[in-house]
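Rule-based calculations on the coordinates, nothing more; no lab input. Everything numeric here is computed off the predicted structure, so don't read it as measured data. Glycine gets a Cβ as well: all are built from the backbone with ideal geometry, and neighbour counts include every protein chain shown.
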Amino acid sequence: MPLSEAQTDLHWSMRVGWGAVCQTNAWRIRDHRLFPEAHKADFSQWHAKVWAFAELIARQNHRAVTPDDLRKGTYMFALGTPKSLTKFDNGDLDRVLILFRLLVEPDDLKAVKDWIAYERFDQAKAEIARCKRQGVSCNVTLPDDPGERRRHLFFVSKYPDAVIRHFVVDRFQGVQPEDMPLRDLRQLTTTLKNRRDYSNREAKPRPNIAEPAPQLQEVDEPF
C-alpha cells in the first residue's frame, strides 16, 4: 500500500524528515553547487555510506553530487536497492526515517539500536532463505520485524497509561508493551482497536423509531 499524505509529509518534514537532514548537514545548493560545509562524508559511518551511493548516482549522470543524489543515496543505503518514494510502503518509510535520525544525530542510541535490529532481522531472513534454497536444515530463528514492532508500540503509546495498565494486568500478566513479543503486541493492538470501535458505536445516538401501529384487518364474519 502506498504512503498516505500524512506519511509523505512526515518524510519531508523539518522535524524528523528529509528537511531536518538537509538543514543539519547543509545539504543545500548555492550557485548550482552544494554548500562547501555539506561535504561531510567522514562525519559518521552513516554519512560515508550515503555519500558513496550519492557519488555513484552523480557519476552515472556525469555531474557533481546534488541534494537529490544524497536523498536517493539515503534510500539506497536504507533499503538496499534503488526505490522511488512513490513506491514506498510502511516498512520502507520506517527504515528511511531511522537513517534520517542517524544523519541528524549519529550518536542517537535508540536509532542505532533500531538500525542494528534491522540488520539482525535482514541477516536472519537471508540465512533462512539460503537454507531453503539449498534444501538444508536451518537453526536460525527470525527475530521480530522491527518496523512492525515500532508501529504497534506507536499505536499503543497514543492511549492513556491507565488504559494500558488495565489490559497489561488483565491479559498479559503485567508484561509491559516494550517487553512483549510481537505476537502479544499484535493482540494488544487488536484489543485496543476493538475497544475504540465499540466505544464509538456506543457513543452514536440510536435513532428513535416508533413502532408502527398494528393494522386492523377486515374479516368477513358470518351474521
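Before moving on, here are some points about what is shown:
- Computed with the Debye formula from one identical point scatterer per Cα of the chain, without solvent, the log10 of I(q)/I(0) at q = 0.16, 0.17 Å⁻¹ comes to -1.18, -1.25.
- Rg [Å, one decimal], Dmax [Å, integer] - the range 91-132, C-alpha atoms: 12.3, 39
- Between Ala162 and Leu182, the FRET efficiency estimated from the beta carbon spacing at R0 = 25 angstrom works out to 0.55.
- When you restrict to C-alpha pairs under 8 Å that are six or more residues apart and normalise by the size of the range 146-202, the relative contact order lands at 38 percent.
- Using bins of 5 Å that start at zero, the share of Cα-Cα pairs per bin across the range 2-65 amounts to 4, 16, 18, 24, 19, 12, 6, 0, in whole %.
- For the chain, calculated [θ]222 nm from helices alone, where every DSSP H run of n ≥ 4 adds -39500 (n - 2.57): -19000 deg cm²/dmol
- Projected onto planes of every orientation and averaged, the convex hull of the alpha-carbon atoms in the range 146-202 covers 3.8 nm².
- Net lengthening on full extension, Asp31/Gln60 (0.36 nm per residue, minus Cα-Cα): 8.2 nm
- Cα-based reach from Lys193 at 27 Å (exclusive), listing lysines while leaving out same-chain residues under 8 positions away: Lys158, Lys204
- Full-stretch length increase - Asp108, Thr8 - with 0.36 nm per residue and alpha-carbon distance subtracted: 33.7 nm
- FRET efficiency for the pair Arg15 and Arg130, taken as 1/(1 + (r/R0)^6) with r the Cβ-Cβ distance and R0 = 45 Å, rounds to 0.65.
- The trypsin sites (Lys or Arg not before Pro) found in the range 148-182 that occupy coil by DSSP, while having at most 12 further C-beta atoms within 10 Å, are Lys158.
- Summed over all non-identical Cα pairs, the Kirkwood treatment of the range 1-121 gives a radius of 14.6 Å.
- Computed over the range 70-119, Kirkwood Rh from alpha-carbon pairs, angstrom: 11.0
- Charged side chains reduced to their Cβ positions (Lys and Arg at +1, Asp and Glu at -1) give the chain a dipole of some 1000 debye around its Cα centre.
- Only lysine pairs 8 or more places apart, or on different chains, with alpha-carbon atoms under 22 angstrom apart are counted in the range 5-116, and they number 8.
- FRET efficiency for the pair Lys87 and Asp170, taken as 1/(1 + (r/R0)^6) with r the Cβ-Cβ distance and R0 = 45 Å, rounds to 0.60.
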